[in-house]
Amino acid sequence: MHFLRTSIRNKLLLICGSGTILLLIAAGLGLYLQWQAIATMTGEVEALHAQQLVVAQKKADYYDQLLEWKNALVRITDDQAADEHLAAFLNKGAQLRLALAPFADAGTPDSDTRALAARFLAEHEDLGQKFAKAIADYRVTFAIYKLEEQSRDSDKSVGLLLDKLVASVDAQITRRTEAISGEANRVITISLGLMVLACA
C-alpha cells in the first residue's frame, strides 16, 4: 500500500489498469451473452421452421391421400384395384397421423394447437373408417348413389381442421420467433450497458 501512496503516477496506473480490466471483463461478458443469444435464437428458430415445414408437407400429403380415395371410387367396379387404392389411402393416412401426432402431445406449448391437432387426428381417423365402410356397404348393395352420398364432402371438415392447424402452428412459430428476437435484443442491450458502465 505504501507503494501506491507515494506516487500519483502509481495511483493513476492502478486506476487505469483496474478500469481497463473492468472494461475487458464487461466486453467479454457482453460478447458471451450476445453469442449465447444468437446461438439460442438460431437453434430454436431452425427447430420451429422445421416444424412449420412438416405441417406444410403433411398438408400436401393429405391432398395426395385424397387422390387415392378418388382413384378407389373411379375403379369401384374392379375390386382388386379399389382395394389397392383404399389400402394406399389408409396407409398414407396412418403415416400422416404419425407425423402430426407430436403436435397433439403435451410438449406443444400452445393449447389451441394441441386441441386442433387432437381433433384433426381423431376426425382424420374417422374419415378413413367412413370411407372403408362406404366401400364395404357398396359391395353388399351395389348402390352407387348411396356410395356417392356417403363420401360426398365428408373430407371437407377434416381439410378445414388441417388448414386451421397449419395456421395455428404458423402463428405459434411467429409469436415464439418474435419473443426470441426480443430476448436477444434485451441481452444485447444489457451487454452494451455493461460495457458503457465499465467505460464510465
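Step by step: first the residues of segment 131-146, then only those that are surrounded by 14 or more Cβ atoms within 10 Å (Cβ to Cβ) and not acidic (Asp, Glu), then the one that is nearest to Ala87 (Cα to Cα). Which residue is that?
Among those that are surrounded by 14 or more Cβ atoms within 10 Å (Cβ to Cβ) and not acidic (Asp, Glu), it is Ala132.
Considered as a group, the residues in segment 149-166 that are part of a helix (DSSP H, G or I) and open to solvent by 90 Å² or more (accessible area, probe 1.4 Å) include one that is farthest from Tyr62 (Cα to Cα), and that residue is Glu149. When segment 50-77 is filtered for residues that are within 14 Å of the chain's Cα centre (by Cα) and under 14 Å from Gly93 (Cβ atoms), the ones remaining, listed by number, are Lys58, Lys59. Can you confirm whether Leu67 is touching a residue at least 12 places away in the same chain (Cβ under 8 Å) and surrounded by 12 or more Cβ atoms within 10 Å (Cβ to Cβ)? So Leu67 fails the test.
When Gly93, Gly30 are checked against the criterion of being open to solvent by less than 50 Å² (accessible area, probe 1.4 Å) and either more than 24 Å from Val166 (Cβ to Cβ) or in contact (Cβ under 8 Å) with a residue 60 or more places away in the chain (or both), Gly30 stands alone in meeting it.
Among the conditions (1) open to solvent by 90 Å² or more (accessible area, probe 1.4 Å); (2) farther than 27 Å from Ala179 by Cα; (3) without any contact (Cβ under 8 Å) to a residue 24 or more places away in the chain; (4) not β-branched (Val, Ile, Thr), the only one that Ser18 does not satisfy is (1). Figure legend. Inter-residue proximity from segment 167-179: first residues open to solvent by 70 Å² or more (accessible area, probe 1.4 Å), second residues in a helix (DSSP H, G or I), beta-carbon distance below 8 Å, spacing 6+ or different chains. Indicated pairs: Arg176/Glu44; Arg176/Leu48.
Checking the condition more than 24 Å from Arg119 (Cα to Cα), open to solvent by 40 Å² or more (accessible area, probe 1.4 Å) and among the acidic types (Asp, Glu), which residue from Asp79, Asp105, Asp61 passes? Answer to the check: Asp79.
Regarding segment 112-125, can at least one residue be identified that is without any contact (Cβ under 8 Å) to a residue 60 or more places away in the chain, open to solvent by 50 Å² or more (accessible area, probe 1.4 Å), out of contact with any Gly (no Cβ under 7 Å at 6 or more places or on another chain) and under 17 Å from Glu68 (Cβ atoms)? Taking every residue of segment 112-125 in turn, at least one turns out to be without any contact (Cβ under 8 Å) to a residue 60 or more places away in the chain, open to solvent by 50 Å² or more (accessible area, probe 1.4 Å), out of contact with any Gly (no Cβ under 7 Å at 6 or more places or on another chain) and under 17 Å from Glu68 (Cβ atoms).
The values are calculated or read from the model by the stated rules, or taken from the named source; none is laboratory data. These figures come from a predicted structure and were not determined experimentally. Note that each Cβ is placed from the backbone with ideal geometry, even for glycine, and that neighbours are counted across all protein chains shown. Calculation scope for accessible area: heavy atoms of the full protein, side chains included, ligands and nucleic acids excluded. Shrake-Rupley method; radii C 1.70, N 1.55, O 1.52, S 1.80 Å.
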